[in-house]
Structure formats: C-alpha cells, structure tokens
Amino acid sequence: MSRLFLTIAGLPFINVKLKDSEYKKFARESEESRNDYYRELRETVDLLYNVPSLLLWVPFNEGWGQFDSAKACEMIRSMDDTRIIDHASGWHDQGIGDLNSQHIYFSKIKFKQDERPSALTEYGGYSWLIHEHSYNDAGYGYKLFENKEDLQEAFRNLHENEILPEYEKGLAAIIYTQVSDVEDEVNGLMTYDRKVTKFDPEFVKGLLDKMK
C-alpha cells in the first residue's frame, strides 16, 4: 500500500475530502482493477439483494479502494432500487447517495446539514481490555478505560453532550463501534468470546430512549 494512499485515507480526519475520479490519488490507476471491482460489485448485489436483513449498500468504506462512487451508486440502483445507498461511508463524500454519512472519533460530533439525512455511521470505539476474555493483549481502541464505571460515564457524556443535540437537529441514525471485540480491537459492546457484556443493557437503553 502506497504512502500516498495512506495520506488520502487520513485526509477526512482534518475535513479534507477529494473527488474520487482522481484515480492516481486513490491508488486506482489500474483499469483492470477498476473493472474487477465492478464485476465483483455486480456479483455481490446479485447474490445478496434478496437477503431480508440487508438494510443498505456500502460500495466504499472509509476511502479504501474508493473511485467513481457515483458510477457505483448508479449500478447498484439499477439492480436494486429498494434500499438505501451509503456511497462512501464516513469518508470522501461526493455529495451523492442517500446519506450524509460520517465516521467521527477524534473530533466533536457535529454535522453540516444538507438535503440528505445525517447518519453517524461509526462513533465511539471506547475500549476496555478484559484480559481473560480477549483474543490477545493488543488492546487497540480510540479511547482506553480501565473499568466499566469509567467506560459508561464516558459513553453517557458522549451521548448527552454531543449525540443528543445533533439528534434534536435531525440526526437520523447512529452506529456504535462495535458489537464485539475482534482480534486486536477491544472496543466492542461485548468481549471477543461474547461472555461479558461491557455495558449494562438498561443503562444503554436509557440513553437511547432519549432519542425516541
């Protein structure tokens, strides 16, 4: 992976978003690889379009491999016009698709309103490493905590001070990172082995109920 692409992938953290038709900047200069992407995209939609639990299509996530996302939207829409499309989830937004989709970890949660519904498609990533229930001791996360009390208090502050005010302005959806810990990331609602739920369910429900 080129240093250039890693730089491009990081630019949205400082609110710089580029046009994804610039193939060189997005490390997509190979016409063969672009054609392979669309062949595989068509196969994916054809395979999964009738899965009842599938809510929306995400052709590109966080700039990884992103290019010509308008074309991807058109292709998906031609095959399935019943679902939402998050064209470039959280990253190099081209002002298209059905959502104003943002991934926000390191800055204040705040949306610039446009004609599309606002969706916080990744947030939180708060981490608590419980050694005996983890895959390893890597302990990666966006903010590390030592116990449930501190973890939940940070979660409460985030919801009450940042998410709820945006909800009152029209924020339509939120997706927490993530359901469970994975190999190196310990930012799940549950541990890697699914044996420990890190948050009290009623505590989380109480905060989410404020958004009804």
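The values are calculated or read from the model by the stated rules, or taken from the named source; none is laboratory data. Everything quoted here is computed from the prediction, not taken from an experiment. Heads up, the Cβs are rebuilt from the backbone with ideal geometry, glycines too, and the neighbour counts pull from every protein chain shown. The area values use the complete protein model at the heavy-atom level, side chains included, leaving out ligands, DNA and RNA. Shrake-Rupley method; radii C 1.70, N 1.55, O 1.52, S 1.80 Å.
In deg cm²/dmol and to the nearest 500, what is the mean residue ellipticity at 222 nm of the chain if only DSSP H runs of at least 4 residues count, each as -39500 (n - 2.57), divided by the residue total? Write down the numbers at each step before the final one.
Values: 6 runs with 62 residues, N = 212.
The per-residue figure over the chain is -8500 deg cm²/dmol.
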Exercise for the section: Measure off, as a whole percent, the carbon and sulfur share of the 1.4 Å-probe accessible area of the chain, all protein chains present. Expected result: 52 percent
Exercise for the section: Give the distance, in whole Å, between the Cα centre of region 107-123 and the Cα centre of region 87-105. Expected result: 8 Å
Completion exercise
Amide H contacts under 5 Å for S118, restricted to residues at least 5 apart in sequence or on another chain and with H modeled in the peptide plane, are N100, A172
Handout entry: Dmax and Rg, reported as Rg then Dmax, of region 89-193 (C-alpha, Å)
Key = 15.0, 47
Practice task
Calculate, in whole percent, how much of the Cα-Cα pair population of the chain lies beyond 32 Å.
Solution key: 25 percent
Completion exercise
Going residue by residue through region 165-179, the Karplus relation 6.51 cos²θ - 1.76 cosθ + 1.60 with θ = phi - 60° gives ³J(HN,Hα) values, rounded to whole Hz and with x marking Gly or Pro, of x, 6, 4, 5, 8, x, 3, 9, 7, 9, 10, 7, 9, 8, 4
Fill in the blank from the handout: Out of P165, P59, P201, a Gaussian network model of the chain with alpha-carbon springs under 10 Å gives the largest mean-square fluctuation to P201
Completion exercise
Among GluC sites (Glu not before Pro) in region 143-195, those in a DSSP loop whose Cβ has at most 12 other Cβ atoms within 10 Å are E146, E183
Problem - Using a Förster distance of 41 Å, the FRET efficiency for E40-K110 (Cβ separation, nearest 0.05) - result: 0.70
